[in-house]
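Notes follow the structure.
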Amino acid sequence: MTAVVQRHSRAPSGAWTPFLVRRPRSWGLEIAMAAAFIVLSALLVWPSTLVELDVWIRDLSDANRPHWAFLIVHNTNKLGQGGLLGGVALGISAILAHRMRSVRPMIAFLVVYGMTGSVLVVKYILTRVYPHGPGDASPPYATVEQATLLTDLSPAAAYPSGHVLNTIVWYGYLVFLLGAHLTTWQRHLLLLAPPVIVTFSTTYIGYHWFTDAVGGVFIGVIIIRVIQRIRWETVELPTWLEPEKRYL
């Protein structure tokens, strides 16, 4: 009984506790996602069947996209805008930090922001032209041979899709912050609907190849699972970040 009391006493009474249905126990899913991303990337280095599928989906979408459909998918694709989602997450984190008199929500936000932003390094290493590239986005568009990774065409930062990754990470983080105030169906809606909608919209409108979206899902799941593993309510922070420690 004493051990239990000591373990929980590390988190001050009333401290911020993020919402989790269950903290990840095994690293199996992260390992599977990482392996899948590596395999997917390898299959995109040469004009494989997956690259042919990407080009086929782009051409099919281009041939079947009336103006009204363009307007819908263009606007629904904004559900994955990192700047907007990051701003909302920053605001909520700041409110929680103020109410709880704790810097921990802000530290969590900065870690999420940094991990999400680091994906830019991957995009600029595994260079890939966009579906309606290269050049001025007018036909002729990239061929199967040009749509592979490690291209020297430009602009070439399509892989993985940042918009799809954002829907996994930022909506997952919003549930992480506010999940206790949401019903089960509301949490499921936030976690599932944006990735599905943005995967469809960003592919259908030709902003990204389909496999770009899949790669974004793989990396996004890894990031949000790592965030869920950190025990934000009890992780040790420097005294200058938590002045109240001086009086404990």
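The values are calculated or read from the model by the stated rules, or taken from the named source; none is laboratory data. In this text the structure is predicted, and so the values were computed from the model without any measurement. Reconstructed Cβ throughout: ideal geometry from the backbone, glycine too, with neighbour counts over all protein chains shown. Ligands, DNA and RNA are excluded from the accessible area calculation, which covers all protein heavy atoms including side chains. Shrake-Rupley method; radii C 1.70, N 1.55, O 1.52, S 1.80 Å.
Annotations
- Scan of segment 178-207 for residues that are open to solvent by 20 Å² or more (accessible area, probe 1.4 Å), touching a residue at least 12 places away in the same chain (Cβ under 8 Å) and part of a loop (DSSP other than H, G, I, E, B), ordered by number: Y207
- Checking R58 against (1) at pLDDT below 95; (2) in contact with a Gly (Cβ under 7 Å, 6 or more places away or on another chain); (3) of a type in the set (D, E, K, R), the condition it does not meet: (1)
- Leading residue by the ranking (most open to solvent (accessible area, probe 1.4 Å)) among those in segment 66-97 that are small (G, A, S), farther than 18 Å from A213 by Cα and touching a helix residue (DSSP H, G or I) at 6+ places or on another chain (Cβ under 9 Å): A94
- In segment 211-248, the qualifying residues are those that are modelled with pLDDT of 75 or more and among the charged types (D, E, K, R), and the one that is nearest to A42 (Cα to Cα) is D212.
Conditions (1) out of contact with any helix residue (DSSP H, G or I) (no Cβ under 7 Å at 6 or more places or on another chain); (2) open to solvent by 20 Å² or more (accessible area, probe 1.4 Å), marked per residue:
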position	(1), (2)
G117	yes, yes
Q146	yes, yes
G162	no, yes
L165	no, no
V169	no, no
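- Residues considered: V226, V175. Of these, the only one that is out of contact with any Cys (no Cβ under 6 Å at 6 or more places or on another chain), outside any loop (DSSP other than H, G, I, E, B) and open to solvent by less than 30 Å² (accessible area, probe 1.4 Å) is V175.
- Every residue from segment 148-160 that is open to solvent by less than 20 Å² (accessible area, probe 1.4 Å) and either out of contact with any His (no Cβ under 7 Å at 6 or more places or on another chain) or without any contact (Cβ under 8 Å) to a residue 40 or more places away in the chain (or both): T148, L149, A156, A157, Y159, P160
- Hey, A63 open to solvent by 50 Å² or more (accessible area, probe 1.4 Å), among the small types (G, A, S), within 18 Å of Y204 (Cβ to Cβ) and at pLDDT 95 or above or not: yes
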